[in-house]
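The values are calculated or read from the model by the stated rules, or taken from the named source; none is laboratory data. In this text, all values refer to a predicted model and were calculated from it rather than measured experimentally. Using ideal geometry, Cβ is built from the backbone for each residue, glycine included, and neighbour counts are taken over all protein chains shown. These area figures cover heavy atoms from the full protein model, side chains too; ligands, DNA and RNA do not enter into them. Shrake-Rupley method; radii C 1.70, N 1.55, O 1.52, S 1.80 Å.
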Amino acid sequence: MARKVAIVEDDFDQRENYADALSQSGYEVATYSNRQDALIGMQKDMPDLAILDIMLEHEMDGGFDLCRDLRALSPTLPIIFLTARDTDIDRVSGLRLDAWDYLTKPLNMQFLSVRINSLFRIVDSLAKGSSVENDSDVLVIDALTIDEDSMSIKWQGQELSLTLTEFWLIESMARHPGHVKTYENMMQITRQSYVERNTINGYIRRIRNKFKEIDPEFKNIQTVFGVGYKWNTGE
Amino acid sequence: MKIRPNFSIRTKLLLVALLLLVIPYMSYIYVRDMKSFLLSGQEDALSLTSRAIATVLHDRPEFFTDNVDIDINRPLVDNEIYAYPLPNYINLNGDLSDWGEQAKQAKSYFPKTTLDTPESPTLSAIPDDQDLEIKHLLGYHGRFIYALFEVRDRFVIFRQTGFLRVNAADHIRVTLQDPAGQEKRYTLIASEPGRMSIYLMDSDWQYPITGEANNDLAAELSLTDQGYNVELRIPRFRLSSDTRIQMTVANVDDPVSLKLNSLVSTTPESDEDLSRVLVQAPEISKILAGLKRSDTRMWVIDKQKRPRAVVGNIITEAYVSPRDKPKPNDSYLDYAVDIVGYYYNIVLGKVFSYIVDRPVDAFNDYASSAEERNDQIIEQALAGKVSSDRRPSLDNQAMILMSAHPIFSGDETLGAVIVEQSTNQVLQRQQSVLENVISVTLLVLLTVVGAILLFASRLTLRIRRLRNATDNAIDRDGRIINQRLSADAKSGDEIGDLSRSVSDMLGRLSQYTKYLRGLPDTLAHEVSNPLNVVNSSLHNLSQEHPAVADSKYLDRATNGVNRIGAILRNLTEAANLEQAMQSETREVFDLVDLIENYVDGYSISNPDQKFEVIIHSRPLNVEAAPDYIAQVLDKLVDNAIDFAAPGTAIVFKVQRLDKFAQIDVINRGSILPEGMSERIFEPLVSLGRKDAQKSRLGMGLYVVKLIASFHGGDVVARNLSSADGVIFSFSLPLYNPDPMNF
């Protein structure tokens, strides 16, 4: 049975383009143009994943409000913000609402499919339950444990709450410890269309903060000025 | 714009305030006019007075004969002496001040001959008597006649105690003819300064008739530097209307022999007769007394210009005595006020003395007789004409107004009335008015000038404060720091208005700049949606028509979309950065390490680009967000590479300048056009591009500027002095672990 993806976007052209692309990828798509319709529609027919624009018609923060309402309906529903708003404040607000990812327009449609696939994989893996330990998919580097299946990362045994992009970035760095991931590499890894150094810096900053919440002495991600970042093992 | 040199507001207001000086000047003019008006009024009043007195005396020739048995038409003969009217009773105390101005009328007498008596054959033995001088005056007041002797005598000989003779010392001889016609001789002698003994003498002046001292007469002797003074009082009843009198000063100089040296008669020398004393007619005096005024002197003269009566005194009341310097008392405040008042008056007095003629306190108008003044108006009055005149007082200290009116008896002129008054009164009145006006004006002027000064200072202070606030509201880069000026924002006047409208202006300006700064963001946001449509459509197109997917046009379209996307990112970068920096945590690191790492890393990713790093000092610890510093380096290096001449190296120069670490990024190549070195850091200012594919929005250096000012540093660009390249200097404050020592 095809997975259901709900798209809430007030721009007809974009909405239909997303819908077409996702249908092509084999998803069942429901489209809504405003918050009220979306809420009513999704209450009736809960999707497996929701893609929300933030500005919806007249409501500047319609997407955030909708996200909050949907969270109330389903705490586990994967929600992706897809918006032209690119400020840190918006990003933080979105993620604070337990969105799974925050993407900015313009978006590469191929990346969108990849992302959705990944998210569904996480959903599946979560559904199977964390009791299932599949060693083949687990990468352990020192105190870092990366579970490829559930796309979860543990540091010193504690799980970090990460977005998909953050997971990919950590994973790419940790996979080759000591090797510099250049900004260009990392831009690819985020699977977004246009990423600049500041955005990468922002990601790394947030990632570091998340590690530091667990381990204030965390220093394993090193900045290589002018080039990128690398994962350091040990000292 | 050329600004005209000008005075400050304060100076201008002060200059305007100087116009107030017109007020005292006007008062001065006014008071001067008032003076002449008052003088003419005074003259009129005097003329009226003289006429009034004359009217009373018309047709009453008896006034001019009464009490005096002299023919009116008879001129003054030798053996008549004139007694001057005195202003008051005389205290017999040796003090001559109560004689008033009349004392000055005293006439001097000198010994004419020395006595040639058998008792003193050797005249040469006794001191020369040329030194002897006697000033004598006869006066009367009320019931008494007074005589004054001022004797200049080198050897004052008193009567020896126990020495009974009354002619063996300096003494005065007075001969009176009593009403019965009998002559009585008195000797006035003293054994010490003070009250003199008076003896009735025999006809030879040798022996007292009785040993008893006489009490009707009284005399007082007092010593002076030059000799002695004697004041003598004779009751008037001792003198008949036809009183005859003779007075002689007897001088003894030899203390051993006690010989009579000389006799000086102060009455006209006449062998057969005593002198007649002329006193003014009491009737006239009574009439005049009713008209007496303190500041007016009235004379009645007869045809011979002899004064028949004089009342009043020309000396005006004493001028207001200067204030005493106040003494400290309990209340300091009172004392301070007194002191200020005291000095204020002194200063004012000085000022007035330059402006107006001060009245003379006591000028000396000692006309010994009417004819001495030799005034025309007396002649005219006696000739039957009414006349008035002004003349200076005899000592030229003041102006005297005179008015004369003839007294008629039928067609004949009996005499004249002369009324005199000094202009002192008018002067004094004028002065007090002027003093009042000037002191009030001065006070007002001072107050007004002070108030204006205060007001102007406050005004300029407020304006200056407003100017400073306005200056500081916008920083060097044109960014609005303060939207609301606190200076004078609450005052209701024009400056407050100005402040508020500047605030208002700043508010609107800052809204506008906010809009301008938000514009790229808004624009990017608005463009990104349609761009997303194009992007997703291209994707769907390639999915739907696989043949299209290989088309080079699709590639180019995608490429174009990507470029638009890059531009959008660029546009929003600055705005995003400002937000992001707020939450950035700073750390302390060595800037030199960072630069070396950066150059190493950059060289790895761009092996073609040559770098040269010059380190002048290390370490240079700064407290900053290293990511942003790296970003600054990115931008500066990007910029340097863009403009570097091919094959040249980018030079990093790191040095310490005082409390700042400075990174110079130098590239050889084209130089900055004139005026661009400041503007280049403004958003959307670009110097053109080298690579058509690479977008240059001019946001990069703006971002550098943002990061620099966020960290308390600065960035400037300038051309190399060799004019073959550009140097960008980025400075950051050095980390100071103890900010208190900063």
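Summary table
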read-out	value
Given (1) open to solvent by 40 Å² or more (accessible area, probe 1.4 Å); (2) of a type in the set (A, V, I, L, M, F, W, C); (3) in contact with a helix residue (DSSP H, G or I) (Cβ under 6 Å, 6 or more places away or on another chain), number of the condition B:MET581 does not satisfy	(1)
Any hit, the stretch A:85-100, residues being modelled with pLDDT of 85 or more, within 21 Å of A:SER118 (Cβ to Cβ) and out of contact with any Phe, Trp or Tyr (no Cβ under 8 Å at 6 or more places or on another chain)	no
Candidates A:LEU82, A:LEU70 - the one that is outside any loop (DSSP other than H, G, I, E, B) and surrounded by fewer than 24 Cβ atoms within 10 Å (Cβ to Cβ)	A:LEU82
Residue selected from the stretch A:100-119 under the condition among the hydrophobic types (A, V, I, L, M, F, W, C) and open to solvent by 10 Å² or more (accessible area, probe 1.4 Å), by the criterion farthest from the other protein chains (Cβ to nearest Cβ)	A:TRP100
Matching entry among B:ALA624, B:ALA580, B:ALA630 (being within 12 Å of another protein chain (Cβ to nearest Cβ), within 27 Å of B:GLY518 (Cα to Cα) and either in contact (Cβ under 8 Å) with a residue 12 or more places away in the chain or in contact with a Cys (Cβ under 6 Å, 6 or more places away or on another chain) (or both))	B:ALA630
Qualifying residues in the stretch B:555-570 (those that are among the hydrophobic types (A, V, I, L, M, F, W, C), more than 7 Å from every other protein chain (Cβ to nearest Cβ) and open to solvent by 20 Å² or more (accessible area, probe 1.4 Å)) - the one farthest from B:LEU701 (Cα to Cα)	B:ALA557
Unmet criterion (only one of (1) at pLDDT 90 or above; (2) of a type in the set (S, T, N, Q); (3) under 20 Å from the mean Cα position of the chain (by Cα)) for A:THR31	(3)
Matching entry among B:LEU485, B:LEU506, B:LEU466 (being in contact with a strand residue (DSSP E or B) (Cβ under 8 Å, 6 or more places away or on another chain), more than 14 Å from chain A (Cβ to nearest Cβ) and open to solvent by less than 50 Å² (accessible area, probe 1.4 Å))	B:LEU506
Selection from the stretch B:509-522 of residues that are in contact (Cβ under 8 Å) with a residue 12 or more places away in the chain and either exposed (fewer than 14 other Cβ atoms within 10 Å of the Cβ) or under 13 Å from B:ALA574 (Cβ atoms) (or both)	B:ARG517, B:GLY518, B:PRO520, B:ASP521
Odd one out for B:ALA547 among (1) free of Cβ contacts under 8 Å to residues at least 12 places away in the same chain; (2) of a type in the set (Gly, Ala, Ser); (3) within 12 Å of chain A (Cβ to nearest Cβ)	(3)
Qualifying position, being assigned to a strand (DSSP E or B), at pLDDT 75 or above, more than 25 Å from B:LEU92 (Cα to Cα) and of a type outside the set (D, E, K, R), among B:VAL249, B:VAL264, B:VAL300, B:VAL256	B:VAL300
The stretch A:32-87, residues that are in contact (Cβ under 8 Å) with a residue 60 or more places away in the chain and farther than 30 Å from B:GLU573 by Cα	A:ASP48, A:LEU49
Complete set of residues in the stretch A:212-226 that are over 24 Å from the mean Cα position of the chain (by Cα) and either closer than 17 Å to A:MET187 by Cβ or crowded, with 20+ Cβ neighbours inside 10 Å (or both)	A:VAL224, A:PHE225, A:GLY226
Matching entry among A:TYR229, A:TYR183, A:TYR203 (being open to solvent by less than 40 Å² (accessible area, probe 1.4 Å), within 14 Å of another protein chain (Cβ to nearest Cβ) and over 26 Å from B:ARG563 (Cβ atoms))	A:TYR229
Condition met for A:LEU77 (closer than 30 Å to B:ILE564 by Cα, assigned to a loop (DSSP other than H, G, I, E, B) and at pLDDT 75 or above)	no
Residue within the stretch B:523-534 that is open to solvent by 80 Å² or more (accessible area, probe 1.4 Å) and either within 30 Å of B:ILE463 (Cβ to Cβ) or away from every other protein chain (no Cβ under 12 Å) (or both) present	no
Residue that is nearest to B:ALA644 (Cα to Cα), among those in the stretch B:584-629 that are polar (S, T, N, Q) and open to solvent by 70 Å² or more (accessible area, probe 1.4 Å)	B:ASN597
B:LEU200 part of a strand (DSSP E or B), over 58 Å from the mean Cα position of the chain (by Cα) and not β-branched (Val, Ile, Thr)	yes
Of residues in the stretch A:122-150 being of a type in the set (D, E, K, R) and at pLDDT 75 or above, the one surrounded by the fewest Cβ atoms within 10 Å (Cβ to Cβ)	A:ASP124
Single match in A:ASP53, A:ASP20, A:ASP48, A:ASP11 (criterion: touching a strand residue (DSSP E or B) at 6+ places or on another chain (Cβ under 7 Å), within 16 Å of A:LEU112 (Cβ to Cβ) and open to solvent by 30 Å² or more (accessible area, probe 1.4 Å))	A:ASP48
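Residue-by-condition table, conditions (1) within 14 Å of chain B (Cβ to nearest Cβ); (2) under 15 Å from the mean Cα position of the chain (by Cα); (3) of a type outside the set (S, T, N, Q); (4) over 20 Å from A:GLN192 (Cα atoms):
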| site | (1), (2), (3), (4) |
| --- | --- |
| A:ASP20 | yes, no, yes, no |
| A:GLN36 | no, no, no, yes |
| A:ASP45 | no, no, yes, yes |
| A:ARG68 | no, no, yes, yes |
| A:ILE89 | yes, no, yes, no |
| A:SER93 | yes, yes, no, no |
